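The values are calculated or read from the model by the stated rules, or taken from the named source; none is laboratory data. This one's a predicted model, so the numbers in the text were calculated from it and none came from an experiment. Every residue, glycine as well, gets a Cβ built from its backbone with ideal geometry; the counts of neighbours run over all protein chains shown.
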Amino acid sequence: MDEPAGHRGSNIIVTVLALQLAVGVALAALFWGLAGGVAGYSALLGSLTCVIPNAFLATRIVLARRDRGARDLIRAAWAGEMGKLALTVLMFSIVFVTVRPLAAGSLFAGFIAAQLVTFAGFLLREAGQEELDTDNKNGE
């Protein structure tokens, strides 16, 4: 069944965000088991500090009005990226000011692990594009 290209892109975005969250929860559980509760919740907070701003950016891009052209899409992406950066700084600031005790290494490990999942989006998009190219060559 054919999907519109924009819908396929939205599915990839949701999949990547879900994978980021899943990796963050898994890492938090691993840290909790190996290094204790502080390391566990610190890793979870780090991953959320990545996932929440990424979800903001994704929402801005997905909801952008494509019918108005590339300029509006670029504006939405730029505003989303600036909002993502601001949210990331704000969330790290809130965590460092309010959470005691905190395992900074675990916090950054959670953030980095969730951020690395973003590369899965490139792989998913590439696989989807290859499938689309194959379908087009076969006349489907």
- Criterion violated by residue 62 - all others in (1) under 20 Å from residue 85 (Cα atoms); (2) modelled with pLDDT of 95 or more; (3) not polar (S, T, N, Q) satisfied: (2)
- Message: Any residue that is farther than 23 Å from residue 123 by Cα, part of a helix (DSSP H, G or I) and without any contact (Cβ under 8 Å) to a residue 24 or more places away in the chain - is there at least one of those in the range 43-60?
- Response: no
- Given the conditions (1) modelled with pLDDT of 90 or more; (2) under 17 Å from the mean Cα position of the chain (by Cα), which single one is not true for residue 42? (2)
- Please give the number of the condition residue 31 fails out of (1) assigned to a helix (DSSP H, G or I); (2) over 11 Å from residue 110 (Cβ atoms). (2)
- Condition met for residue 60 (within 23 Å of residue 14 (Cβ to Cβ), in contact with a helix residue (DSSP H, G or I) (Cβ under 7 Å, 6 or more places away or on another chain), of a type outside the set (S, T, N, Q) and surrounded by fewer than 14 Cβ atoms within 10 Å (Cβ to Cβ)): no
- Item | Selection status of residue 65, surrounded by fewer than 17 Cβ atoms within 10 Å (Cβ to Cβ), without any contact (Cβ under 8 Å) to a residue 24 or more places away in the chain and not hydrophobic (A, V, I, L, M, F, W, C) | yes
- Query: Do any helices (runs of 4 or more DSSP H) lying entirely in the range 70-140 carry at least 3 residues that are at pLDDT 95 or above, and which ones are they?
  - Reply: 70-98, 104-116
- Message: Quick check on my filter: what residues within the range 34-73 are closer than 21 Å to residue 104 by Cβ and β-branched (Val, Ile, Thr)?
- Response: 38, 49, 51, 52
- Task: Filter the range 84-95 for residues that are more than 14 Å from the chain's Cα centre (by Cα) and of a type outside the set (Phe, Trp, Tyr) and give the result.
- Result: 86, 89, 90, 91, 93, 94, 95
